[in-house]
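What follows is calculated from the coordinates using simple rules that are stated; it is not laboratory data. Being a predicted model, the structure only gives us computed values, none of them experimental. Positions of Cβ are generated from backbone atoms using ideal geometry, with glycine treated the same way; all protein chains shown enter the neighbour counts.
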């Protein structure tokens, strides 16, 4: 269903506003360099600081610019069930969105029963397929494998995939054993993507692909084809970049890296994300050089 190198797109800002022209150029650059899908308005897109109008416009622009060349998986999550539903329904009406990426509600700390109720409500009240997004390091709440299985069984035509950023590779096996090969699994952690392929994931929603789309696409292609020698070599070339892009609060290092590669992309972030520190910039510079990008 969804596979390969899928960047969680940054949102370009300039002078405090969304830079729509830069975003359109960025979408084209990603597709031209082999990205197999696009995720606007995810965590790396600073969705928590986008107002609703900006959020919906970015999805609309991404769909327009992608023009069907690759699937668009739109960030639709919220800690407010009604806001998440509003995002999903906007995508329903827009057309051209393959799935809504819905994170576990953050801050509220719902129980597993609350998670089942939240995601079931979204599935029952929207036509858009849903990709669960489990990232307990950010949300505190962990969508346990039993909950994933219950949701996918209750709503087999709606809850069709998961982006797992739990860091626990056992989850891949647990999901496969409960739901079979037909349930689509993607990594949410670039450094674990290679191991994820071995266990049954089909790709990664990636931070690093923002900066190195061609290299990431080559890595994912090699892993998908079982060319482990090449996949390992590319993984080791990318690994310093995977680490450097989290040397400071994300996505500040990613935006700094992109500003070094493209004069049409600003390093601007929105508070509370501050510009990355001098130490983080040095780490990014070294990783870009090691990857052969600078």
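Relative contact order of the stretch 4-225, taken over Cα pairs closer than 8 Å and 6 or more residues apart, is 21 percent. Per-residue Cβ neighbour counts within 10 Å put 197, 121, 239, 133 in the sequence 121, 239, 197, 133, beginning with the fewest. DSSP finds beta bridges in the chain, and of those with both partners inside it, around 10 percent are antiparallel.
What whole number of Å gives the distance from the Cα centroid of the stretch 119-178 to the Cα centroid of the stretch 201-257? Result: 24 Å between the Cα centres. Ranking of 1, 131 by neighbouring Cβ atoms within 10 Å, starting from the fewest: 1, 131. A helix-only calculation puts the chain at -14500 deg cm²/dmol for mean residue ellipticity at 222 nm, using -39500 (n - 2.57) for each DSSP H run of at least four residues, averaged over all residues.
Rank these for me by crowding, 87, 262, 56, going from fewest to most other beta carbons within 10 Å.
Lowest count first: 262, 56, 87.
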